[in-house]
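The values are calculated or read from the model by the stated rules, or taken from the named source; none is laboratory data. For clarity, every value in this text was computed on a predicted model and none was experimentally measured. Here the Cβ is made from the backbone with ideal geometry for all residues, glycine too, and neighbour counts use every protein chain on show.
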Amino acid sequence: MRNLFSYEGKRCLFAGCFSGMGEAAARIVRELGGSVVAADIRKPSGFDYESYHEIDLRDAAAIEQLVSETAASGPIDRVFYCAGLPGTRPKVDVMLVNFIGLRHLIEHAVPHMQPGGAAVSISSGAGMGYMGMQEKVGALLELDDPAAARDWVVKHQDEEWLEAYSFSKMCTITWTIRRAATLTPETGVRLNCTSPGPTDTPMMPSFVEQSGQAFFDAYPKPIDNRNSTSEEQGWPLVFLNSDAASYVSGENLYTDGGACNGMMLGAIQLDLSSLGR
Ligand SMILES: NC(=O)c1ccc[n+]([C@@H]2O[C@H](COP(=O)([O-])OP(=O)(O)OC[C@H]3O[C@@H](n4cnc5c(N)ncnc54)[C@H](O)[C@@H]3O)[C@@H](O)[C@H]2O)c1
């Protein structure tokens with residue numbers, strides 16, 4: 001039987017693989033026989049790679065160079081965009097790394113990809129409210145140019161509704177769903193994202209700093225009453241970009257044990273009464 005989960009012969013561009021979910025996904029891809037072109041602001045050491053590109057994903061020109069260099073040295077079969085910054089960082093940086101750079105990198109990579117290729121990125125359960133924010137999210141999504149998108153964020157950054165982390169994640173989910181609708185029929189490249197719940201990665205302490213331990217104590221953890229691990233987030237990313245998911249596109253996959261879907265239908269309660277909320 002053909003193993004559709006295999007990555008043999010697949011060359012994967014990883015943006016954000018020094019630590020956390022990206023590192024875990026890259027390690028799994030290597031174990032499944034794929035090769036990894038690693039791009040991060042810090043040099044990974046947890047797996048072996050074909051090449052490493054030091055990059056600051058806030059920089060659109062650097063993203064274009066990364067994609068050109070990667071395409072010049074071989075095929076781009078899969079893209080994994082796993083980089084991110086927490087909401088404790090400056091708003092413009094958060095929007096640049098979490099959404100504007102993500103979109104720019106994938107848009108630049110797709111013309112170099114073949115039908116059957118795929119790109120996946122990481123959103124968050126924090127973006128769950130995207131349906132109610134379509135007007136504002138849509139205004140940013142109209143600005144394809146990264147500099148124009150950045151200017152829009154600078155202009156709106158002091159407005160009360162722009163909580164950069166959750167807004168960046170709403171943008172990622174919305175863009176993934178909307179963009180896949182044209183991208184996949186036109187190019188044969190699939191586009192998906194995951195929305196993890198709280199996960200024990202180096203980013204977790206920043207979330208606790210921002211929202212408080214009591215919030216995360218109260219947050220639903222349907223599986224074993226624990227956070228997920230990087231590996232538990234890596235595998236769904238690897239699945240979505242594998243041939244086993246050949247008919248999956250425009251999907252935002254909640255990888256949170258059922259928490260967000262449960263909360264959206266009222267089947268799971270987020271009880272913040274202990275926080276006075
Ligand atoms: N940990 C959680 O609980 C959680 C929950 C939901 C979503 N997420 C999302 O998962 C994704 C991965 O985060 P993680 O939890 O694995 O944390 P992490 O901090 O381990 O990973 C983030 C990665 O992004 C890289 N990075 C950050 N800024 C960069 C820049 N300017 N240029 C290049 N690389 C840069 C880091 O070096 C690191 O490799 C993020 O998008 C995050 O928002 C995390």
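Worth a mention:
- Meeting the requirement of 1 or more residues that are of a type in the set (Phe, Trp, Tyr), the strands (runs of 3 or more DSSP E) wholly within the range 42-139 are 51-54, 78-81.
- The range 72-94, residues that are in contact with a Leu (Cβ under 9 Å, 6 or more places away or on another chain) and over 19 Å from Met21 (Cα atoms): Ile76, Asp77, Lys91, Asp93
- Any chance Lys155 is at pLDDT 95 or above, within 26 Å of Asp40 (Cβ to Cβ), in a helix (DSSP H, G or I) and basic (Lys, Arg): no
- Of all the residues in the range 146-166, those that are surrounded by 11 or more Cβ atoms within 10 Å (Cβ to Cβ) and more than 20 Å from Ala83 (Cα to Cα) number 7.
- Subset of the range 198-209 that is assigned to a loop (DSSP other than H, G, I, E, B) and surrounded by 13 or more Cβ atoms within 10 Å (Cβ to Cβ) - its residue that is farthest from the ligand (Cβ to nearest atom): Asp200
- Residue in the range 222-237 that is under 18 Å from Arg103 (Cα atoms) and buried (at least 21 other Cβ atoms within 10 Å of the Cβ) present: yes
- Filtering Gly74, Gly20, Gly16 for residues that are surrounded by fewer than 17 Cβ atoms within 10 Å (Cβ to Cβ), at positive phi and modelled with pLDDT of 95 or more leaves a single hit, Gly74.
- The residues of the range 18-41 that are of a type in the set (Val, Ile, Thr) and either in contact with a strand residue (DSSP E or B) (Cβ under 6 Å, 6 or more places away or on another chain) or assigned to a helix (DSSP H, G or I) (or both), listed by number, are Ile28, Val29, Val36, Val37.
- Annotation note: of Lys136, Lys169, the sole residue that is basic (Lys, Arg) and either surrounded by 20 or more Cβ atoms within 10 Å (Cβ to Cβ) or on the phi > 0 side of the Ramachandran plot (or both) is Lys169.
- Of all the listed residues (Val37, Val79, Val67), the sole one being surrounded by 14 or more Cβ atoms within 10 Å (Cβ to Cβ), more than 10 Å from the ligand (Cβ to nearest atom) and without any contact (Cβ under 8 Å) to a residue 40 or more places away in the chain is Val37.
- Failed item in (1) closer than 25 Å to Leu105 by Cβ; (2) more than 12 Å from the ligand (Cβ to nearest atom); (3) touching a helix residue (DSSP H, G or I) at 6+ places or on another chain (Cβ under 9 Å), with Gly212 passing the rest: (1)
- If you go through the range 47-57 and keep only what is within 10 Å of the ligand (Cβ to nearest atom) and under 26 Å from Gly197 (Cβ atoms), you end up with just Leu57.
- Here is the figure for the range 180-197: residues that are touching a Pro at 6+ places or on another chain (Cβ under 9 Å), within 19 Å of Leu253 (Cα to Cα) and not in a loop (DSSP other than H, G, I, E, B) total 2.
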